[in-house]
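The values are calculated or read from the model by the stated rules, or taken from the named source; none is laboratory data. Note that the structure is predicted; figures quoted are calculated from it, not measured. Methodologically, a virtual Cβ is constructed for each residue, glycine included, from the backbone with ideal geometry; neighbour enumeration extends over all protein chains shown.
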Amino acid sequence: MKIDIDGLSKWYDGKEILKELSLHLDDVSTLAITGPSGGGKSTLLRILAGLQVPQSGSVTLDGKKIRFEPEALHAWRKSIGVVFQAYNLFPHYSALENIVLPMTAVHGIPRIEALERAYALLERFRLMDHKDKKPGQLSGGQQQRIAIARAIAVSSGLLLLDEPTSALDPFMTREVLDMLRELASENRTLVMVTHEIAFAAAVCDHMVYLEDGRILEAGPTADVIRATGMDAGGGSFYSRKD
Amino acid sequence: MQNLVNGLLVGSLIAGFFILTFLTLDYTPRWNLLWIYRDKVLGGFVNTLAISSIALVLSLIIGLLSALSSRSRLVPLVTLGRFYVGLIRSTPLMVQIIILFYVVGTALHITNRYLVGALILALFSGAYVSEIIRGGIESIPASQVESGLSLGFTRFQLYRHVILPQVAKRITPGIAGQLVSLVKDSSLLSIIAVSEVTKVVQEIDSLNYATIETFIQLAGLYLLITLPLSALSKALERRFAYEN
């Protein structure tokens with residue numbers, strides 16, 4: 001994916017979160033957005049997800065500009081997948097229904113077909129045993145994997161993740177990152193805000209380092225890690241390199 | 001079983017207290033009066049049930065609309081909802097009944113007391129239902145709304161599939177309590193001569209001067225409606241607790 005962001009600004013209550021942020025990257029398959037907390041990472045991801053509207057600037061993905069009018073944004077949100085830190089799932093539906101509902105209610109897919117797709121995803125990510133459980137009966141890691149399955153069930157190509165493992169313990173983090181690693185190897189673009197530098201180093205081809213509303217470094221992951229002096233080996237449980 | 005025993009114990013203690021106080025009075029109670037006028041009483045009881053049922057359904061609709069309007073993006077709707085809830089909740093029901101019946105009812109040429117009575121009760125109860133529903137909606141975490149929007153739900157779809165089903169479960173006990181209040185509040189319609197059960201008992205009393213006996217039995221008649229409602233509410237609460 002080709003990413004072109006120009007002069008993106010966002011502020012609330014007089015506080016400037018993104019300061020004329022610009023970014024140009026070619027051939028992105030998996031992008032990690034890193035940087036200190038409060039630097040604007042989540043805001044940038046929410047703008048990409050069509051959940052927030054910037055005060056100025058433009059975002060163009062593969063030559064297609066995101067239009068920030070309500071109807072265009074709605075269509076845009078329907079076309080992509082988003083996973084947040086936690087509490088993504090609707091607590092009153094089973095895992096299976098959580099995946100099926102957006103397909104039937106939002107995309108008008110016939111229920112039989114939606115069920116087939118949901119079963120295929122549950123099978124693939126070894127979640128079949130949990131299909132009838134409510135989110136409250138699932139571990140945090142299982143909930144996130146269901147949330148990711150739900151997001152990719154309806155999105156064609158782009159999957160945005162906002163610190164998907166920050167609320168999880170190291171074991172659950174690993175099961176979620178394994179799933180993301182598998183998705184990254186497909187023809188699918190992943191953009192994730194993450195503090196899992198080791199994971200990003202192993203899986204993401206590109207990285208952005210965001211601090212104080214501006215991009216300080218952007219480019220191939222290894223270059224950004226070297227330039228910022230981040231430690232890809234330590235500081236994280238997930239350091240498997242293969 | 002233990003609950004039943006406890007209930008019986010407490011019930012007989014309270015009944016015993018009242019019987020003892022009765023015995024200290026130099027008074028011969030006549031407990032058969034409501035039975036003598038049973039046709040009238042039954043008619044009043046049915047009217048109370050009918051008015052309460054209509055008012056219940058209407059108050060749920062009014063309450064839902066009012067709660068949704070308070071969450072609307074249209075400022076006049078928000079103001080209207082707040083004004084309605086504020087006005088109704090801060091004035092006595094009796095005042096509302098008199099003004100709405102004699103002024104508004106007359107102006108709009110609605111002369112059927114039963115219809116006006118049910119409408120007034122619905123308006124009154126709707127304000128409380130509205131606050132219960134609004135509280136329920138606000139208890140749904142913002143993260144669920146964001147998740148829903150990110151999946152492409154419209155606001156309508158979000159309310160229909162995500163917010164309202166959860167709100168319905170959470171507010172059931174509150175709504176059932178409000179329903180019990182509504183049944184009791186219907187007794188005030190007697191002031192505009194609606195022949196509900198309280199009005200009928202007042203009439204029997206005015207002919208026979210037996211206020212205490214007739215009103216104690218009247219309380220029993222209300223319990224016939226409100227106790228099953230309370231039991232139903234508890235059963236629903238338990239069921240929803242298991243489901244979650």
Self-check item: Neighbours by Cβ (under 7 Å, 6+ apart or cross-chain): first from region B:148-176, farther than 22 Å from B:Ser125 by Cβ and facing chain A (nearest Cβ under 7 Å); second polar (S, T, N, Q) and surrounded by fewer than 21 Cβ atoms within 10 Å (Cβ to Cβ)
Solution: B:Val162/B:Gln144
Quiz prompt | Index of the failed condition, A:Ser58 passing every other in (1) within 13 Å of chain B (Cβ to nearest Cβ); (2) over 25 Å from A:Met179 (Cα atoms); (3) among the hydroxyl-bearing types (Ser, Thr, Tyr) | solution = (1)
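Show me the strands (runs of 3 or more DSSP E) found entirely inside region A:1-49 where at least 3 residues are over 21 Å from A:Ser166 (Cβ atoms) and modelled with pLDDT under 95. Break it down stepwise before answering.
Numbers: elements: A:3-12, A:15-25, A:30-34.
Because the criterion is at least 3 residues that are over 21 Å from A:Ser166 (Cβ atoms) and modelled with pLDDT under 95, the strands (runs of 3 or more DSSP E) in region A:1-49 that meet it are A:3-12, A:15-25.
Name the residue that is nearest to the chain's Cα centre (by Cα), counting only residues in region B:140-166 that are in a helix (DSSP H, G or I) and of a type in the set (Ser, Thr, Tyr). So that I can check it myself, show each step before the final result.
From region B:140-166, those in a helix (DSSP H, G or I) are B:142-150, B:155-166; that's our starting set.
Next, only the ones that are of a type in the set (Ser, Thr, Tyr) stay: B:143, B:147, B:150, B:159.
Working: B:Ser143: 34, B:Ser147: 36, B:Ser150: 39, B:Tyr159: 26 Å.
Checking each candidate, the answer is B:Tyr159.
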Quiz item: How many residues does region A:207-222 hold that are part of a helix (DSSP H, G or I) and either without any contact (Cβ under 8 Å) to a residue 12 or more places away in the chain or surrounded by 15 or more Cβ atoms within 10 Å (Cβ to Cβ) (or both)?
Solution: 1
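So, B:Ser206, is that one touching a helix residue (DSSP H, G or I) at 6+ places or on another chain (Cβ under 8 Å), of a type in the set (Ser, Thr, Tyr) and either away from chain A (no Cβ under 14 Å) or assigned to a helix (DSSP H, G or I) (or both) or not?
On the way: touching a helix residue (DSSP H, G or I) at 6+ places or on another chain (Cβ under 8 Å): no; of a type in the set (Ser, Thr, Tyr): yes; either away from chain A (no Cβ under 14 Å) or assigned to a helix (DSSP H, G or I) (or both): yes.
So B:Ser206 does not fit the description; no.
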Quiz item: From the list B:Val46, B:Val78, B:Val41, which residue is more than 25 Å from B:Gly177 (Cα to Cα), touching a helix residue (DSSP H, G or I) at 6+ places or on another chain (Cβ under 9 Å), in a helix (DSSP H, G or I) and free of Cβ contacts under 8 Å to residues at least 24 places away in the same chain?
Solution: B:Val78
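Name the single residue that is surrounded by the most Cβ atoms within 10 Å (Cβ to Cβ) among those in region A:83-117 being more than 9 Å from chain B (Cβ to nearest Cβ) and in contact with a Pro (Cβ under 8 Å, 6 or more places away or on another chain).
The initial filter retains those residues of region A:83-117 that are more than 9 Å from chain B (Cβ to nearest Cβ), namely A:94-100, A:103-104, A:108-117.
With in contact with a Pro (Cβ under 8 Å, 6 or more places away or on another chain) added as a condition, the list becomes A:95, A:98, A:104.
On the way: A:Ala95: 28, A:Asn98: 26, A:Thr104: 17.
Going through the qualifying residues, I end up with A:Ala95.
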Quiz item: Does A:Thr43 satisfy the condition of being farther than 30 Å from B:Phe240 by Cβ, among the polar types (S, T, N, Q), free of Cβ contacts under 8 Å to residues at least 40 places away in the same chain and more than 10 Å from chain B (Cβ to nearest Cβ)?
Solution: yes
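Which residues, taken from region A:57-90, are among the hydroxyl-bearing types (Ser, Thr, Tyr) and at pLDDT 90 or above?
A:Ser58, A:Thr60, A:Ser79
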